[in-house]
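Asker: Here's a structure for you.
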Amino acid sequence: MIDLKLPDFALQTIINYIRDFVGDKNVVVGLSGGIDSAVVAKLCVEALSKDRVLLVHMPDSTTPPEDTEDAREFVDLLGCAYREINIDESVKAMVSLLGLKSPLSVANLKARTRMTILYAIANEENRLVAGTSNKSELLIGYFTKYGDGASDFAPIGDLYKTQVRELARLLEIPEKIITKTPRAGLMLGQTDEGEIGMRYDDLDRILYGMELSMTPEEISIITGIDIEAVKRVYSMHEKSRHKRVMLYIPKIGIRTVNTDWRE
């Protein structure tokens, strides 16, 4: 049986982790208007207090208006400091300078522009960047390398998307944010499940089967999900391996950073 129920200890474990990791610093969170960033923001407030959390919404021309509206309303609920920074002009300048043509290149540039803003604020104000990636995204590489995948710590990085939904209800995140169609907002009409090619409910069951070291055949039998879909998730995981490794380094010394010398 593949049971993805949120562990009872998850909430307090994450809160304790944030307190220990952040110490006496403050944090900044990129607030998209979606569930993942809302959960991370609320977790940071629970762990540190609203006075130590800065929320930054960075819309552009492809950001759905309701995402900006939801972000503003959520900030009002939390009572945190808030900044809204439109990235259109910055992105357009870089696209023009580099002569970018590929929609994917432009989408990734947007994510990296947001990362640059968050880290500039963090450097200037002695903050840490709280990441908003969940385990489902991390395991299949559904994030921009050095973009939304870049952070100082990732509070929900060990929670599958379906578990994030559970945690969101536990944290009393507004229902309209919880039930909103997941989307990165990097391109018009883009949705997570449309790009991934399956529902998060199915993706998470496959990934959890992988976590339990099951074979694709075993996962398919237990979940009833088509074997080809299972194999495709295995392929996404393998092809995105480079996104989960900070550096690939040829081994020469006795111990090598990120290979057998880990912090």
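Rule-based calculations on the coordinates, nothing more; no lab input. In this text, all values refer to a predicted model and were calculated from it rather than measured experimentally. Note: ideal-geometry Cβ built from the backbone for every residue, glycine included; neighbour counts use all protein chains shown.
Asker: Once phi is turned into ³J(HN,Hα) by the Karplus curve 6.51 cos²θ - 1.76 cosθ + 1.60 with θ = phi - 60°, what whole-Hz value does each residue of segment 65-82 show in order, with x for glycine and proline?
Answerer: After applying 6.51 cos²θ - 1.76 cosθ + 1.60, I find x, 5, 5, 5, 4, 5, 4, 5, 5, 5, 4, 4, 5, 7, x, 7, 5, 9 Hz.
Asker: Please turn the phi angles of segment 144-152 into ³J(HN,Hα) values with the Karplus equation 6.51 cos²θ - 1.76 cosθ + 1.60 (θ = phi - 60°), one per residue in order, whole Hz, x for glycine and proline.
Answerer: Computed from phi, the couplings for segment 144-152 are 8, 4, 6, x, 5, x, 9, 6, 7 Hz.
Asker: Okay, next question. Do you know the relative contact order of the chain, to the nearest whole percent, from alpha carbon pairs under 8 angstrom that are 6+ apart? Provide the component values of the computation, followed by the final result.
Answerer: Working: 368 pairs, mean separation 53.1, N = 263.
Once divided by the residue count of the chain, the mean separation gives 20 percent.
Asker: If you look for lysine pairs in segment 72-146 that are eight or more places apart or on different chains, how many of them have Cα atoms under 19 Å apart?
Answerer: Numbers: Lys92/Lys101; Lys92/Lys110; Lys101/Lys110; Lys110/Lys145; Lys135/Lys145.
For segment 72-146, the number of qualifying lysine pairs is 5.
Asker: Between Ala81 and residues 5 or more places away or on another chain, which pairs have amide H atoms under 5 Å apart, with H built 1.01 Å from N, and which residues are they?
Answerer: Val53, Leu55
Asker: Determine the gain in length on full extension of the stretch Glu218-Glu66; use 0.36 nm per residue of separation and subtract their C-alpha separation, reporting nm with one decimal. Mind dumping the intermediate values first?
Answerer: Numbers: separation 152, 0.36 × 152 = 54.72 nm, distance 4.12 nm.
Length difference between fully extended and current span is 50.6 nm.
Asker: Here's another thing I want to ask about it. In segment 1-44, which chymotrypsin sites (Phe, Trp or Tyr not before Pro) fall in coil by DSSP and have 11 or fewer other Cβ atoms within 10 Å? Could the numbers behind the result be given before it?
Answerer: Numbers: sites: Phe9, Tyr17, Phe21; in loops: Phe9.
Of the chymotrypsin sites (Phe, Trp or Tyr not before Pro), the ones in loops of segment 1-44 whose Cβ has at most 11 other Cβ atoms within 10 Å are Phe9.
Asker: Could you tell me the center-to-center distance, by alpha carbons, between segment 64-127 and segment 192-236 in angstrom?
Answerer: 32 Å
Asker: Search the structure for amide H atoms under 5 Å from the amide H of Gly149, placed 1.01 Å from N in the peptide plane, and list their residues when 5 or more places away or on another chain.
Answerer: Those lying under 5 Å, H to H, from Gly149 are Thr144.
Asker: Under the rule of at least 5 residues apart or a separate chain, name every residue whose amide H is placed under 5 Å from the amide H of Leu128.
Answerer: Asn26, Val27, Val28
Asker: For Glu263 and Ser235, what is the calculated FRET efficiency with R₀ set at 25 Å and r taken between the beta-carbons, to the nearest 0.05?
Answerer: Rounded to the nearest 0.05, the efficiency is 0.25.
Asker: A further question on this structure: Which shape class applies to segment 122-263: rounded if a/c is under 1.5, otherwise prolate when a/b exceeds b/c and oblate if not, where a ≥ b ≥ c are the square roots of the Cα gyration tensor eigenvalues? Can you show the working numbers first?
Answerer: Numbers: a/c = 1.86, a/b = 1.12, b/c = 1.66.
Judged from the Cα gyration tensor, segment 122-263 comes out oblate (a/c at least 1.5, b/c at or above a/b).
Asker: Using the crude model of +1 on Lys and Arg Cβ and -1 on Asp and Glu Cβ, and no other charge, please compute the dipole size for segment 10-188 relative to its Cα centre, in debye to 20. Present the calculation step by step, with values, prior to reporting the outcome.
Answerer: Details: 21 positive and 24 negative charges, 95 e Å.
Computed charge dipole of segment 10-188: roughly 460 debye.
Asker: What does DSSP give for the chain in terms of the percent of beta bridges that are antiparallel, rounded to the nearest 5? Working shown, then result.
Answerer: Details: 0 of 14 bridges.
Roughly 0 percent of the beta bridges in the chain run antiparallel, per DSSP.
Asker: If I model the chain as equal point scatterers sitting on the Cα atoms and use the Debye formula, what is log10 I(q)/I(0) at q = 0.10 Å⁻¹?
Answerer: Each listed q maps to, in turn, -0.53.
Asker: Hey, another quick one. Using θ = phi - 60° and the Karplus relation 6.51 cos²θ - 1.76 cosθ + 1.60, list the HN-Hα couplings for segment 180-186 in order, rounded to whole Hz, with x at every Gly or Pro.
Answerer: Using θ = phi - 60°, the values come out as 5, 4, x, 7, 7, x, 8 Hz.
Asker: Computed FRET efficiency, Cβ-Cβ of Ser105 and His242, R0 22 Å: what is it to the nearest 0.05? Mind dumping the intermediate values first?
Answerer: On the way: r = 17 Å, r/R0 = 0.78.
Computed FRET efficiency for Ser105 and His242 comes out at 0.80.
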